[in-house]
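Read through the structure below, which is laid out as structure tokens, and then see the notes.
The values are calculated or read from the model by the stated rules, or taken from the named source; none is laboratory data. On a predicted model such as this, the values are computed, not experimentally measured, just so you know. Using ideal geometry, Cβ is built from the backbone for each residue, glycine included, and neighbour counts are taken over all protein chains shown. SASA here: full protein model, heavy atoms, side chains in, ligands and nucleic acids out. Shrake-Rupley method; radii C 1.70, N 1.55, O 1.52, S 1.80 Å.
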Number of protein chains: 2
Amino acid sequence: MCVLGLGLIGGSLMRAATAAGREAFGYNRSADGVRAAQADGFDASTSVVETLERAAATHALIVLAVPMPALPSLLDHVRTTAPDCPLTDVTSVKVAVLQSVREHGLLDRFVGGHPMTGTAHSGWTAGDVGLFTGAPWVLSVDDHVDPQVWAEVMHLALDCGSVVVPAKSDQHDAAAAAISHLPHLLAEALAVTAGDVPLAFALAASSFRDGTRVAATAPDLVRAMCEANSDQLIAALDRAIYELEQARNGLSAMGSVADLVESGHAARMRYDSFSRPDISLITVGEGGWRNELAAAGRAGGVIRSALPVRGSRG
Amino acid sequence: MCVLGLGLIGGSLMRAATAAGREAFGYNRSADGVRAAQADGFDASTSVVETLERAAATHALIVLAVPMPALPSLLDHVRTTAPDCPLTDVTSVKVAVLQSVREHGLLDRFVGGHPMTGTAHSGWTAGDVGLFTGAPWVLSVDDHVDPQVWAEVMHLALDCGSVVVPAKSDQHDAAAAAISHLPHLLAEALAVTAGDVPLAFALAASSFRDGTRVAATAPDLVRAMCEANSDQLIAALDRAIYELEQARNGLSAMGSVADLVESGHAARMRYDSFSRPDISLITVGEGGWRNELAAAGRAGGVIRSALPVRGSRG
């Protein structure tokens, strides 16, 4: 397989795939990242063209592991040099990536992916062979996806220790806005608010540390994911602002925050008891498989062992 | 010492004080809590009057460790049975407690306290001898406080493994609104928002888990602390809502969340590098000591070893 971009996610992917017995080679724009990867014994290059020529020659699975803003120029290279390779990505938004891949004429061989993991750190040295262990890895089941490519990416995710969550790209983005992008903006707002109150940092304890942890993420990464998912994020922000305004008005008028506190607690309890059944009775490539997988994913289902693929021997 | 209320904080305090070699006895309203404490070998009673008679006879330090709503009736008992004992509390708001203590005529012997620690669980069984280790424990240095009582509570906090942060009650409450009460409401709003998005719980990862952790706290406890600090919390909510609205409008009009993300990241970085120097050159009870300690606390200073007390041999 061929990893384009050897930062936190791409670098961890290279380590995890190699540990699982796969052959992996990669490209990174910065020579520092490439040198660090080579020093750790990995096969890395600063030449995107040579890396993609090698992928084309071996029909390797290409993983796009660069931030959103770097994606279009990388897709230009893929179109020119390795247009027939199976293609996936690990970007935190899916509709915008899908649109860009479509504009580059690479849709046929593309299955969007998003491993739901990360840390506040970045770069090759922040990578971790265990980063994907137990994490949900979303694989798109949009109408166009090819079952053979889908199965290939499913095997990669499982090899890296993830559980696979099948989802439509637009539903992924609405969920990601609510559970990933909104939390980042809430954390930033909390940090800003506390930052202006004398004594606040002196008293900060776990509520504040947990509540602002993701505000330590590099601003460029936060902006890239929030701004690439703006429609869904605006809807999530509107809902959160509405809830906070209602609480503020209830506190001012009646001295009570009961409504928000009780509904928030109930929602968190539902989350704590949310079950994650195995998806096991669906064959990839068999009539209606994409919609069946999407429905199973919405119901909480995850793929923990590889599903059978139609037309493959198993 | 005498602990009134043997829930998470009071029960942990009894364990920690005992482990530090202090004699401790306590009262709890529910017989279940008392039986659980007794089963663990602690000296507990369901009689508030007998417990306070014992405190009065031994001039024990009384620690009020009940939720805000239960405080007035407990202060009635203290006024009747043990009005001359040194008195402190462990409640998460300080001005409202101070007001209630003043109304009960118990101000002279009172020093407000707030150990900045906790978990999402409650009750005697949730207690932990190490709950206070390394946690900031705020001690009020309001104009009325008596140096001998202040020193006695300082020793208790240090014995339990905390570091002491001296603060004025109103400044504590403004800070607590920003770093504790606001994070609870943001967590509730996040849980509610995500709870209505299909697929959100299926994809939830660390950003969501961390961002909603405190929404698992019992609603009554969250309401008690938020509603007892409503003026300060409204101010913090207004600021946070303003920041989120600006971000929402920037995202809608310009596709950018740069302002919030950059200022939030900068605030979190300031927090990460916030230094906690030792407070060591102030003598408790010496002219201006209360204001000197409050200023040192605002600057990040903490008391890690007991300060000298004027008129005490040491």
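Could you calculate the contour length gain from B:His59 to B:Thr80, that is, 0.36 nm times the residue separation minus the distance between their Cα atoms, to one decimal place in nm? Show your work: numbers first, answer last.
Details: separation 21, 0.36 × 21 = 7.56 nm, distance 1.46 nm.
Residue separation times 0.36 nm, minus the Cα-Cα distance, leaves 6.1 nm.
Rounding to the nearest 20 debye, state how big the charge dipole of the range A:119-223 is about its Cα centre with +1 on each Lys and Arg Cβ and -1 on each Asp and Glu Cβ. Intermediate values should be presented prior to the final figure.
Details: 4 positive and 12 negative charges, 95 e Å.
Dipole size: approximately 460 debye.
Under a Cβ-Cβ cut-off of 13 Å, what is the net charge of the residues other than B:Ala202 that fall near it, where Lys and Arg count +1 and Asp and Glu count -1? Show your work: numbers first, answer last.
Working: positive: A:Lys168, A:Arg270, A:Arg276, A:Arg298; negative: none.
Net of charged neighbours comes to +4.
Report ³J(HN,Hα) in whole Hz for each residue of the range A:136-147, in order, from the Karplus equation J = 6.51 cos²θ - 1.76 cosθ + 1.60 where θ = phi - 60°; Gly and Pro get x.
Rounded to whole hertz, the list is x, 10, 6, 10, 6, 10, 5, 4, 7, 5, 7, x.
Using a label position 7 Å from Cα in the Cα→Cβ direction, what is the ascending list of nm distances from A:Ser47 to the same site in the other copies?
For A:Ser47, the inter-copy label distances come out at 9.0 nm.
Classify the range A:29-96 from the C-alpha gyration tensor, please: rounded if a/c falls under 1.5, else prolate or oblate depending on whether a/b exceeds b/c.
Values: a/c = 1.81, a/b = 1.22, b/c = 1.49.
Verdict is oblate for the range A:29-96.
Taking amide H atoms as placed 1.01 Å from N in the peptide plane, list the residues 5 or more away in sequence, or in a different chain, whose amide H sits under 5 Å from that of A:Ser45.
Under 5 Å from the amide H of A:Ser45: A:Gly26, A:Tyr27, A:Asn28.
Provide the descending list of Cα extents for chain A along its principal axes, expressed in whole angstroms.
69, 47, 34
Of B:Ser140, B:Gly127, B:Leu71, which is farthest towards the positive pole of the range B:21-142's charge dipole, taken about the Cα centre with +1 and -1 on the beta-carbons of Lys, Arg and Asp, Glu respectively?
Working it through, the farthest residue towards the positive pole turns out to be B:Ser140.
Give me the dipole magnitude in Debye, nearest 20, for the protein assembly as shown about the Cα centre, with unit charges on the beta carbon: positive for Lys and Arg, negative for Asp and Glu.
Numbers: 46 positive and 68 negative charges, 170 e Å.
So the magnitude is around 820 debye.
Assuming R0 = 51 Å, what is the FRET efficiency of A:Glu23 and B:Ser256, from their Cβ-Cβ distance, to the nearest 0.05?
Details: r = 41 Å, r/R0 = 0.81.
Here the calculated transfer efficiency is 0.80.
Enter the buried accessible area of the A/B pair, total of both sides, probe 1.4 Å, in Å² rounded to the nearest 100.
Interface area, both chains combined: 7800 Å², rounded to the nearest 100.
When the Karplus curve 6.51 cos²θ - 1.76 cosθ + 1.60 is applied with θ = phi - 60°, which whole-Hz ³J(HN,Hα) does each residue of the range B:127-134 get, with x for Gly and Pro?
x, 8, 4, x, 4, 8, 4, x
With θ set to phi - 60°, apply the Karplus curve 6.51 cos²θ - 1.76 cosθ + 1.60 along the range B:181-197 and write out the HN-Hα couplings as whole Hz, x wherever there is a Gly or Pro.
6, 4, x, 5, 5, 5, 5, 5, 5, 5, 4, 4, 4, 5, x, 9, 9
Given the rule -39500 (n - 2.57) for each run of at least 4 DSSP H residues, summed and divided by the residues of chain B, what is its mean residue ellipticity at 222 nm, to the nearest 500 deg cm²/dmol? If you can, show how the numbers build up before the last one.
Numbers: 14 runs with 157 residues, N = 314.
Calculated from helices alone, the mean residue ellipticity at 222 nm is -15000 deg cm²/dmol.
To check you understand DSSP bridge types, tell me what percent of the beta bridges within the protein assembly as shown (both residues inside) are antiparallel, rounded to 5. Don't skip to the end; give the middle numbers.
On the way: 8 of 50 bridges.
Antiparallel bridges make up about 15 percent of those DSSP assigns within the protein assembly as shown.
Would you work out what percent of the accessible area of the range A:49-108, with all protein chains in place, is carbon or sulfur (probe 1.4 Å)? Don't jump to the answer; show the numbers that get you there.
On the way: 1330 of 2470 Å².
That fraction is 54 percent.
Residue separation times 0.36 nm, minus the C-alpha to C-alpha distance between A:Thr283 and A:Ala306: what's the value? Could you put the intermediate results ahead of the total?
On the way: separation 23, 0.36 × 23 = 8.28 nm, distance 0.99 nm.
Working it through step by step, the gained length comes to 7.3 nm.
Rounded to whole Å and ordered largest first, report the semi-axes of the equivalent ellipsoid of the protein assembly as shown derived from its Cα gyration tensor (root of 5λ).
Listed largest to smallest, the semi-axes of the protein assembly as shown are 54, 24, 22 Å.
Run the accessible area of the range B:232-300 with a 1.4 Å probe and give the carbon-and-sulfur part as a rounded percent. Walk me through the numbers on the way to the answer.
Details: 1610 of 3300 Å².
Solvent-exposed carbon and sulfur of the range B:232-300 make up 49 percent of the total.
Taking 8 Å as the Cα distance limit and 6 or more residues as the minimum spacing, I'd like the relative contact order of the range B:99-201 as a percentage.
Values: 98 pairs, mean separation 25.7, N = 103.
Across the range B:99-201, relative contact order equals 25 percent.
When the label point is put 7 Å from the Cα of A:Met269 along its Cα-to-beta-carbon vector, which residues of the range B:211-244 have a backbone N closer than 19 Å?
Backbone N within reach: B:212-225.
Using R₀ = 30 Å, calculate the FRET efficiency as 1/(1 + (r/R₀)^6) where r is the Cβ-Cβ separation of B:Gln148 and A:Asp196; round to 0.05.
On the way: r = 36 Å, r/R0 = 1.21.
It comes to 0.25.
Dipole magnitude of the range B:1-128 about its Cα centre, charges +1 at Lys/Arg Cβ and -1 at Asp/Glu Cβ only, in debye to the nearest 20? The partial results should precede the final answer.
On the way: 9 positive and 12 negative charges, 36 e Å.
Dipole of the range B:1-128, to the nearest 20 debye: 180 debye.
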